[in-house]
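*Asks:* First the structure, then my questions, so here it is.
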Amino acid sequence: MSKEPKNPTRRALFKALGAATAVGATVGLLPSCGKKRDSGAANLSFAEIPHALDDRHHLPVGYNADLLLRWGDPLVPGATPFDPRALTPREQERRFGYNNDFIAYMPLDPGAGPGEGERHCKSRNSTRGLLCVNHEYTQPHLMFSGYNDEHSATRGVSAQHVAVEQAACGHSVVEIAKTDNGWRPVLDSPYNRRITLNTGMEIVGPAAGDRRLCTGADSSGKRVLGTVGNCAGGKTPWGTVLIAEEGFGGAFQGDPDAVADPVEARNHHAFGISPHNRNWGEYDRRFDISVESNEPNRFGWMVEYDPYDPSSRPRKLTGLGRFQHEGFTLVCKPGAPVVAYGGDDDEHQFVYRFVSSGIYRPGDHTQNRQLLSEGTLYAARFDADGSGRWLPLLFGQGPLTPENGFRNQADVLIDTRRAAALLGATPMDRPEDVETNPVNDCTYVMLTKNKKRKHGDIDAANPRPRNVAGHVLEIVPPGKKGRRDHSSNRFKWNTFLLGGNPNAEDPNERGAYGQQSPGAISTHGWFANPDNVAFDPKGNMWIATDGCERFGFHDGLWAMATEGEMRAAPKHFFGCPRGAEVCGPEFTPDGTTLFVAVQHPADGGSSTFDHPMHRWPDGDPALPPRPSVLAIYRKDGRVIGS
């Protein structure tokens, strides 16, 4: 590990950039969405925290963090104290799930009731709302006693443990309120619910009803039980929430080569299904591909549901494609098509965009609910000259024909990855969160890392071989700020920042953070492995990381301006306890509260339920480490970051 510089100069930053972007150096860190005026930096005046690595979470001076929700916390009144040793599937379905990830804060209008989603959203209530939280995956070796390590958890488990795991996956909806004693869950709320692997869902869009989605339990191909691998997501202005299905392949077991249909065998290999995966299939046969080879095709989609209507059924949106969704986030402008951006979180996978067939009409709830069911999915090609193009994934166009194994549009969407590759989309360094800044109207792509990229595979958009630190791209649609045309098939792009230490000896790990003045980045301001992103009401970017422990310090949250002299100059705001990453940063509408999900605390090494590396957040010797959601706010009540 090389020593961090105190004051990385402009010259050093451009030196780092030149070494890391030998291909397509003309793209560079051009401030295509930036402004000369300093529009955001003045709002980030918090006292930066240092890099650290210990068993606590860290905040700037003047901030509080309420421990809002932990794995196993009850969502209904009258529950017994949490005891993981006595946890049953039924109890887990009434409690907050495991490994919290994406967070959506959905405000509540005191005068509205269930089913009035758009009215609730318009209220912008920042003291009472619904917290909608994904639960990405389970870790039995940290959940149950008796496991020696993470790998021993895949064999010899009980049916009870498998059922508890399945009940701990999915999603939670919890009403919360800010009180005189801080943020608290409202346990008697009619909105509180769990969405698990046993929740009935509809399948809609172009692939619904296709033979590849039909199983013995559902001959229609339009109904499915549950959701899994729920990573990031998005929100709609008509009051619904989108949740992603990312690492769904790990829930299935079996040998793809033993599947009779070669199309499905190739498909299952693509998502990592193997005989060595977790053994849910031994207890729940739909997760054994030798029993139901089509069942994995019913996962890997985006799911839309209405948190304001607890009786509503979630819908899997096949029009948005099937892959390892990190999430999809929306751009909704009145009178224009809805545009949704997302990434496929795997090495050498692609960035996607969906454009609706219909237009967004504020207040037309019935019509808007259909916008994500009908439209066109595109994959991105990033050219070396800083231009880009969205390539439509449409059956019968280009290589997406029967000669290449596609029967119809359902095949194109079920095998989205293969279709995008045939079209010539650019393979990326693990595209995770992709979100549009509502202030400057540009879109940002978090590229976490790609250790599999070789020297001969680098390109302008992915300029580093064995990219261990990750980077962020900025997509600039045509038009001016606030009036950019996100539905255009052409765009400009540039490298917003390169993760890593600006003073690293290895040029492939050397970070570059904009064109700001010398000394703008402190020794604690640099980071690596950008994962999730959020924007505060002023348009400042907040990046959550996953992988900084490799560089000797905790994962956390860094904030930076996207315009002005301090563009892409990060400041360190939040730090996780050891073994954890931070996910799903989400602001209340007024910017005074920031919710963060701390996922898999104490994960790593030989840490287990019986012998964890620490017991955050409770510090109770009777309890294991627990994934948790924190509500962060300033002690003086002012806007976060200022």
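The values are calculated or read from the model by the stated rules, or taken from the named source; none is laboratory data. Computed from a predicted structure; not experimentally measured. A quick note on method: Cβ atoms are made from the backbone with ideal geometry, for glycine too, and the neighbour counts reach across all protein chains shown. Side chains are part of the model used for accessible areas, which takes the heavy atoms of the whole protein and leaves out ligands, DNA and RNA. Shrake-Rupley method; radii C 1.70, N 1.55, O 1.52, S 1.80 Å.
*Asks:* Among I640, A569, T592, whose Cα lies farthest out toward the positive end of the dipole of the chain, if unit charges sit on the beta carbon of Lys, Arg (+1) and Asp, Glu (-1)?
*Replies:* A569
*Asks:* Let me have the relative contact order for the chain, percent, based on Cα pairs under 8 Å that are six or more residues apart.
*Replies:* In percent, rounded to a whole number, it is 19.
*Asks:* In straight Cα distance, which aspartates and glutamates are under 12 Å from K452, not counting same-chain residues fewer than 8 positions off?
*Replies:* Partners found: D346, E347, D429.
*Asks:* In the chain, which cysteines lack any other cysteine Cβ under 4.7 Å from their own?
*Replies:* Here C121, C132, C169, C214, C231, C332, C548, C576, C583 come out as lacking a disulfide-compatible partner, given the Cβ-Cβ threshold of under 4.7 Å.
*Asks:* Would you mind checking K480/K571; K316/K454; K235/K635; K178/K481; K222/K480; K316/K571 for any pair whose Cα atoms are more than 32 angstrom apart?
*Replies:* Long pairs (Cα-Cα over 32 Å): K316/K454; K178/K481; K222/K480; K316/K571.
*Asks:* If you work out Rg/Rh (Cα atoms, Kirkwood Rh) from the coordinates, which of (i) 0.96; (ii) 1.34; (iii) 0.94 do you get?
*Replies:* Structure-derived value, by its label: (iii).
*Asks:* Let me ask something else about it. With a point put 7 Å past each Cα toward its Cβ, work out how far A421 is from D385 in nm, to one decimal.
*Replies:* In this crude label model, A421 to D385 measures out at 2.9 nm.
*Asks:* How do D54, D288 rank by accessible surface area computed with a 1.4 Å probe, from largest to smallest?
*Replies:* Result, largest first: D54, D288.
*Asks:* Heavy atoms only, probe 1.4 angstrom, no DNA, RNA or ligands counted: give me D411, D180 ranked by accessible area, highest first.
*Replies:* Correct descending sequence by accessible area is D180, D411.
*Asks:* Given Cβ point charges of +1 (Lys, Arg) and -1 (Asp, Glu) and nothing else, what value in debye, to the nearest 20, does the dipole of segment 151-309 about its Cα centre take?
*Replies:* Here the size comes out at about 140 debye.
*Asks:* Projected onto the charge dipole of the chain (+1 at Lys/Arg Cβ, -1 at Asp/Glu Cβ, origin at the Cα centre), which of A265, S312, A420 gives the Cα projection farthest towards the positive end?
*Replies:* Farthest towards the positive end: A420.
*Asks:* Please give the charge dipole size of segment 290-331, origin at the Cα centre, charges +1 on K and R Cβ atoms and -1 on D and E Cβ atoms. Round to the nearest 20 debye.
*Replies:* 120 debye
*Asks:* Select from segment 243-318 those trypsin sites (Lys or Arg not before Pro) which occupy a DSSP coil region and have at most 14 other Cβ atoms within 10 Å, ordered by residue number.
*Replies:* Sites meeting the loop and neighbour criteria: none at all.
*Asks:* Still on this structure: Evaluate E = 1/(1 + (r/R0)^6) for R266 and D590, where r is the Cβ-Cβ distance and R0 equals 51 Å; express this FRET efficiency to the nearest 0.05.
*Replies:* Computed FRET efficiency for R266 and D590: 0.55.
*Asks:* Measuring from a point 7 Å past the Cα of A336 along Cα-to-C-beta, which residues in segment 235-259 have an amide N at less than 16 Å?
*Replies:* Those under the cut-off are 237.
*Asks:* Using Cα pairs closer than 8 Å and at least 6 residues apart in sequence, work out the relative contact order for segment 458-498, in percent.
*Replies:* Relative contact order comes out at 43 percent.
*Asks:* Full extension from D620 to D180: what is 0.36 nm times the residue separation minus their Cα-Cα distance, to one decimal in nm?
*Replies:* 155.8 nm
*Asks:* Between D257 and S220, what length in nm is gained on full extension when 0.36 nm per residue of separation is reduced by their alpha carbon distance?
*Replies:* That works out to 10.7 nm of additional length.
*Asks:* Taking amide H positions as placed in the peptide plane 1.01 Å from N, state which residues far from D73 in sequence (5 or more) or on other chains have amide H under 5 Å from it.
*Replies:* Those lying under 5 Å, H to H, from D73 are F96.
*Asks:* So, with a 1.4 angstrom probe, what is the percent of accessible area on the chain that is carbon and sulfur?
*Replies:* With neighbouring chains kept in place, the figure for the chain is 49 percent.
*Asks:* Could you tell me which of T227, A163, H276 has its Cα farthest along the dipole of the chain towards the positive end, charges placed at Cβ (Lys, Arg +1; Asp, Glu -1), taken about the Cα centre?
*Replies:* T227
*Asks:* Pairs of alpha-carbon atoms within less than 8 angstrom and 6+ residues apart define the contacts here; what relative contact order does segment 480-593 have, in percent?
*Replies:* Computed over segment 480-593, the figure is 22 percent.
*Asks:* On to the next question. When the Kirkwood hydrodynamic radius is evaluated over all pairs of different C-alpha atoms of segment 152-204, what value in angstrom, to one decimal, is obtained?
*Replies:* 14.0 Å
*Asks:* Work out, step by step, the length gained on full extension between K454 and D309: first 0.36 nm times the residue separation, then minus their alpha carbon distance; give nm to one decimal.
*Replies:* Separation in residues times 0.36 nm, less the Cα-Cα distance, equals 47.3 nm.
*Asks:* Roughly how compact is segment 127-255, stated as its Cα Rg over 2.2 N^0.38 Å to two decimals?
*Replies:* 1.27
*Asks:* What dipole magnitude, in Debye to the nearest 20, does segment 176-250 give about its Cα centre under +1 on Lys/Arg Cβ and -1 on Asp/Glu Cβ?
*Replies:* Roughly 60 debye, rounded to the nearest 20.
*Asks:* Just reorder H348, H269 by solvent-accessible area, largest first, 1.4 Å probe, all chains present.
*Replies:* H269, H348
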